[in-house]
Amino acid sequence: MQLSPHFSLAEFTITSSGIPNVPTEEHLPRLIETARRMEEVRALFGRPITVTSAYRSPDVNKAVGGVPTSAHALGYAVDFHVSGLQDLDAAKAIRDSQIAFDQLIYEKGRCVHISFDPRLRRQVLRQPGGPGSRVYTGLTP
Ligand SMILES: [Zn+2]
C-alpha cells in the first residue's frame, strides 16, 4: 500500500525488532499525513529518502525502550537519510527551508529525525551522544 507517491506503508512500518508493526485504524490516517509532509522533504532535495524507522506500534515501541508518547508511537515521526547527503547537511537544509515540522533532530551517527506533531513548533535539535543521551538546541555547538 502506498501512503503517498514516494512512500509506502512497508517503509513506514519497517522495524528491526522482529515484532509485528501494524498501525491501528487511528494511526493509519496520521501516517498518510506524515508521508504527505515527507514528500515536501523529498522535493526539497530531489533525491530518494531512506526511512530507517517511522511508525512504532505499542509493542515495538516498548521493545525499543520508547516512551508511550514518542512521536514515532503516535505516527508523527520519521528517521531517515537523504541519498548522497550527510545527515547533518540534510538537517541544515531542512532547517533553512520553509518546510513545516514540529521537531528536527540531528541524531549524530544514526539518522535525521523529523516529526510533524500538529503543534509544528519547528524546534531544531541535536543529539550527539546516541540514543537516550542529552539533546541540545541547534544543529552545531
Ligand atoms: Zn526518531
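The values are calculated or read from the model by the stated rules, or taken from the named source; none is laboratory data. In this text the structure is predicted, and so the values were computed from the model without any measurement. All Cβ positions, glycine included, derive from the backbone under ideal geometry; neighbour counts span all protein chains shown.
Give the stretch 88-120 a look and list any residue that's of a type outside the set (A, V, I, L, M, F, W, C), within 12 Å of the ligand (Cβ to nearest atom), surrounded by fewer than 22 Cβ atoms within 10 Å (Cβ to Cβ) and not in a loop (DSSP other than H, G, I, E, B), or say none. Residues satisfying the conditions are 103, 107.
Check 41, 22, 78, 82 and return the single one that is without any contact (Cβ under 8 Å) to a residue 60 or more places away in the chain and under 14 Å from the mean Cα position of the chain (by Cα).
Answer to the selection: 82.
Against the test of being at pLDDT 95 or above, within 20 Å of residue 117 (Cα to Cα) and within 16 Å of the ligand (Cβ to nearest atom), the options 67, 51 yield a single qualifying residue, 51.
Any chance the stretch 68-76 includes a residue that's surrounded by fewer than 15 Cβ atoms within 10 Å (Cβ to Cβ) and aliphatic (A, V, I, L, M)?
The answer is no, given that none of the residues of the stretch 68-76 is surrounded by fewer than 15 Cβ atoms within 10 Å (Cβ to Cβ) and aliphatic (A, V, I, L, M).
Evaluate the following for residue 133: is it among the hydroxyl-bearing types (Ser, Thr, Tyr) and either at pLDDT 95 or above or under 13 Å from the mean Cα position of the chain (by Cα) (or both)? No; evaluated as a whole, the condition is false for this residue. Would you please name the residue that is nearest to the ligand (Cβ to nearest atom), looking only at residues in the stretch 77-87 that are surrounded by 15 or more Cβ atoms within 10 Å (Cβ to Cβ) and within 18 Å of residue 138 (Cα to Cα)? Across the stretch 77-87, the extreme among qualifying residues is 79.
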